[in-house]
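Here is the structure we will look at, set down as structure tokens.
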Amino acid sequence: MLKSKALEKRKQEVLIVGGGLAGLVSALLLVQEGHVVTVVEKKIYPFHRVCGEYVSNEVLDFLKRNGMYPEGLELPNIDTFEFSDTRGSSVRLPLDLGGFGISRYVLDEWLYRLACQRGVNFLTGTTVTGLQFVAKEELFQVELSDFQVLQVPYVLGAFGKRSKLDQVLERPFFSKRSPYIGVKYHVQAEGSSNTVALHNFQGGYCGFNAIEDGKFNLCYLGSRDQLRAYGSIPEMEQAVLWKNPLLKRIFQESDFLWEKPEVITEINFERKLPVENHLLLLGDAAGLITPLCGNGMAMAMHSALLVTEALREGKTRQEVEQHYSKRWNALFYQRLGVGRAIQGLFGSGRGSVIARNLIAHVPFVARTLLKNTHGKPF
Ligand SMILES: Cc1cc2nc3c(=O)[nH]c(=O)nc-3n(C[C@H](O)[C@H](O)[C@H](O)COP(=O)(O)OP(=O)(O)OC[C@H]3O[C@@H](n4cnc5c(N)ncnc54)[C@H](O)[C@@H]3O)c2cc1C
């Protein structure tokens, strides 16, 4: 009796903070399981985000199996990796698993509409401003920007790599400054639609790959100090990124589709935890993998599956938390560490030359490194 009462309560209501990939995919999975699901997203769909928009094929079966793959769109199939060092010497490597390109503008909007059709409730244009677990009542108290206060038994934190909510929750990484910025453009360009390229420059690296409608994503992780030193993004790009002749060509020969790029600062790769104060954290909110791995979106979706399984299999809150934490650590802990470790080979002249030589002359090692930053299809 007690057990079924607990189960009923768990099936009552789940609130998800943040409607990026982790939030949208977990909402879709949980509503499928019979939960009443509400997503609170501070922005209004559709919108652009800083992201390389290369999705690893490890999610392909999962998306298709759950009717979440945007059929009907012609998406570029990516099976080759190109790497250039800061001087523009490049090398190519076939990708074992590969991936596809799609903009977040299209993918997130598509998943949002699907979730609406399948019965997920959305509060868009609404921010979660406060969150606390009230132990006595076994409920979360959730404060919203429109002054509503909600009480729900389960809350998933899918609010991305850095949110004001992290500060409210006093998560330790929040106070650490990050030296990175992220900049993204959509462009029309000449390029191989089957290739995801990583072009290095002093202080960072820039991804280039096809997305839908013949467009390309041009997205880089750069340095906050360099931006400060050069005063503006265009000046920094010309002074720093263009030193790599391959990047200079892309910048000079592409048609830029927006007036201004999307820009973010404070991109932090610090270690986080998947469960904090009874909050189940997903996607980047639990840990951001370095973008060079091209795997953050797959991890966000996979963590959504893990949390759904944990809610299904755990009979008590404690069991749900333990189940999720254990599976999350088994799948992602090492991957995040490898991503952090190899980031050192990128964005520096010497490191990028070593990495290029490694890919060119010891492709087996390069492949093993790639494998260690990726998961298996699920
Ligand atoms: C430069 C760069 C390039 C990248 N390139 C790639 C790539 O090519 N391939 C790849 O797989 N991954 C890439 N990634 C990683 C990928 O973008 C992330 O891992 C992925 O977006 C994580 O999804 P998420 O749902 O956890 O977070 P997000 O997509 O960031 O979603 C979080 C959502 O929460 C909302 N939110 C935040 N706070 C609140 C609040 N208090 N209340 C309500 N809503 C809130 C935000 O508005 C946002 O919509 C890249 C990352 C960077 C920085």
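The values are calculated or read from the model by the stated rules, or taken from the named source; none is laboratory data. If you're wondering where the values come from, they're calculated on a predicted model, not measured in any experiment. Quick reminder, even Gly has a Cβ in these numbers, built from the backbone with ideal geometry, and neighbours come from all protein chains shown. The area values use the complete protein model at the heavy-atom level, side chains included, leaving out ligands, DNA and RNA. Shrake-Rupley method; radii C 1.70, N 1.55, O 1.52, S 1.80 Å.
Things worth noting here:
- Scanning region 83-112 for residues that are open to solvent by 40 Å² or more (accessible area, probe 1.4 Å) and in a loop (DSSP other than H, G, I, E, B) turns up Arg87, Ser89.
- Thr308 passes every criterion in (1) under 30 Å from Pro153 (Cα atoms); (2) open to solvent by 20 Å² or more (accessible area, probe 1.4 Å); (3) not aliphatic (A, V, I, L, M) apart from (2).
- Options Gln318, Gln322: the member that is closer than 21 Å to Tyr154 by Cα and touching a strand residue (DSSP E or B) at 6+ places or on another chain (Cβ under 9 Å): Gln322
- Verdict on Phe62 being modelled with pLDDT of 95 or more, among the aromatic types (Phe, Trp, Tyr), assigned to a helix (DSSP H, G or I) and touching a Pro at 6+ places or on another chain (Cβ under 8 Å): yes
- Boolean, Glu53 is within 10 Å of the ligand (Cβ to nearest atom) and on the phi > 0 side of the Ramachandran plot: yes
- Those residues of region 269-299 which are more than 10 Å from the ligand (Cβ to nearest atom) and either closer than 23 Å to Arg228 by Cα or not aliphatic (A, V, I, L, M) (or both), in sequence order: Glu270, Arg271, Lys272, Pro274, Glu276, Asn277, His278
- Here region 113-142 is the region considered, the condition is being within 10 Å of the ligand (Cβ to nearest atom) and open to solvent by 30 Å² or more (accessible area, probe 1.4 Å), and the residue that is nearest to Val31 (Cα to Cα) is Leu123.
- Some residue of region 222-244 being closer than 27 Å to Asp96 by Cβ and touching a Leu at 6+ places or on another chain (Cβ under 7 Å): no
- Options Lys260, Lys243: the member that is basic (Lys, Arg), open to solvent by 30 Å² or more (accessible area, probe 1.4 Å) and in contact (Cβ under 8 Å) with a residue 40 or more places away in the chain: Lys243
- Tyr45 within 16 Å of the ligand (Cβ to nearest atom), surrounded by 19 or more Cβ atoms within 10 Å (Cβ to Cβ) and at pLDDT 95 or above: no
- Selection of first residues in region 123-146 that are charged (D, E, K, R) and of second residues that are assigned to a strand (DSSP E or B) and open to solvent by 70 Å² or more (accessible area, probe 1.4 Å), restricted to Cβ pairs under 9 Å at least 6 apart or on distinct chains, gives the following pairs, ordered by first then second residue: Glu137/Gln151; Glu143/Gln132; Glu143/Val149.
- Sole exception among (1) open to solvent by less than 60 Å² (accessible area, probe 1.4 Å); (2) basic (Lys, Arg); (3) farther than 30 Å from Tyr324 by Cα for Lys161, by number: (3)
- Residue that is nearest to Leu97 (Cα to Cα), among those in region 174-209 that are within 12 Å of the ligand (Cβ to nearest atom) and small (Gly, Ala, Ser): Ala197
- Scan of region 170-185 for residues that are open to solvent by less than 50 Å² (accessible area, probe 1.4 Å) and either touching a residue at least 24 places away in the same chain (Cβ under 8 Å) or over 20 Å from Gly283 (Cα atoms) (or both), ordered by number: Arg171, Phe173, Ser178, Ile181, Gly182, Val183, Lys184, Tyr185
- Gly67 being modelled with pLDDT of 95 or more and either within 10 Å of the ligand (Cβ to nearest atom) or acidic (Asp, Glu) (or both): no
- Single condition Gly287 does not satisfy, out of (1) crowded, with 17+ Cβ neighbours inside 10 Å; (2) part of a helix (DSSP H, G or I): (2)
- In region 17-42, residue least open to solvent (accessible area, probe 1.4 Å) [restricted to those that are in a strand (DSSP E or B) and more than 9 Å from the ligand (Cβ to nearest atom)]: Val37
- Applying the set (1) open to solvent by 10 Å² or more (accessible area, probe 1.4 Å); (2) within 15 Å of the ligand (Cβ to nearest atom); (3) part of a helix (DSSP H, G or I); (4) under 21 Å from Gly203 (Cα atoms) to Leu331 leaves exactly one unmet item: (4).
- Odd one out for Arg87, checked against (1) charged (D, E, K, R); (2) more than 18 Å from His374 (Cα to Cα); (3) within 21 Å of the chain's Cα centre (by Cα): (3)
- Filtered residues of region 311-351 (kept if closer than 25 Å to Pro377 by Cβ and in contact with a Gly (Cβ under 6 Å, 6 or more places away or on another chain)): His323, Leu336
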